[in-house]
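Colleague: Here it is, the structure in full.
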Amino acid sequence: GMHWPLDLIVATLISWLLVTVACWLTQRLCGPLSPPGEEAQDIKKRMPEAE
């Protein structure tokens with residue numbers, strides 16, 4: 001029938017939920033996903049060069 005907009009919304013919500021749970025589990029098991037402080041500063045230094 002014509003209920004595809006609802007299907008699209010539900011699929012988007014399920015995808016968001018899966019990504020959120022996957023990121024949370026990864027952070028719980030492996031630690032933070034952001035780079036360490038020293039590496040983050042290194043990345044900031046290189047950003048203007050890349051642009």
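Colleague: Using all Cα-Cα distances in the chain, what percent lands in each 5 angstrom bin from 0 up to the longest?
Modeller: 4, 17, 11, 12, 11, 12, 13, 8, 7, 3, 2, 0
Colleague: Given the rule -39500 (n - 2.57) for each run of at least 4 DSSP H residues, summed and divided by the residues of the chain, what is its mean residue ellipticity at 222 nm, to the nearest 500 deg cm²/dmol? Intermediate results must be reported in sequence, preceding the final value.
Modeller: Numbers: 2 runs with 41 residues, N = 51.
About -28000 deg cm²/dmol.
FYI, it's all coordinate maths here, none of it is from the lab. If you're wondering where the values come from, they're calculated on a predicted model, not measured in any experiment.
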